[in-house]
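*Asks:* Take this structure, written in structure tokens, and hold onto it; I'll ask about it next.
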Amino acid sequence: MSVAKISEITASSPTSFDDAIKIGLARANTTLKNLRSAWIQDQQVKLNSDGQIKEYRVRLKITFVLEE
């Protein structure tokens, strides 16, 4: 029997939501072991003073299995 845990992280990118997801997963993979799945809970953009997109942000929930 295995036990899983969910960790919530926020990641950002100046390029795209897709890039922010990849950055978040890469960072989570350096700290957490046995990653099993991830889902995007929230997406957000940060704007500059001209109303243009400055940053793409995602809030991820990552599931990983705890070691025995």
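*Asks:* Which lysines, if any, have their Cα less than 19 Å from the Cα of Lys46, not counting same-chain residues under 8 positions apart?
*Replies:* Those lysines meeting the cut-off are Lys22, Lys54.
*Asks:* What do you get for the angle between helix 17-31 and the principal long axis of the chain? Use alpha-carbon atoms, 0 to 90 degrees, nearest ten.
*Replies:* Once rounded, one gets 40 degrees.
*Asks:* Taking 7 Å along the Cα-to-C-beta vector as the label spot, tell me the Ser2-Thr31 distance in nanometres, rounded to one decimal.
*Replies:* That separation, rounded to one decimal, is 2.1 nm.
Every number here is computed from the coordinates shown, using simple stated rules; none is lab data. What you see is a predicted model, and the numbers here were worked out from it, not measured in a lab. Ideal geometry is used to build each Cβ from the backbone, glycine not excepted, and the neighbour counts take in all protein chains shown.
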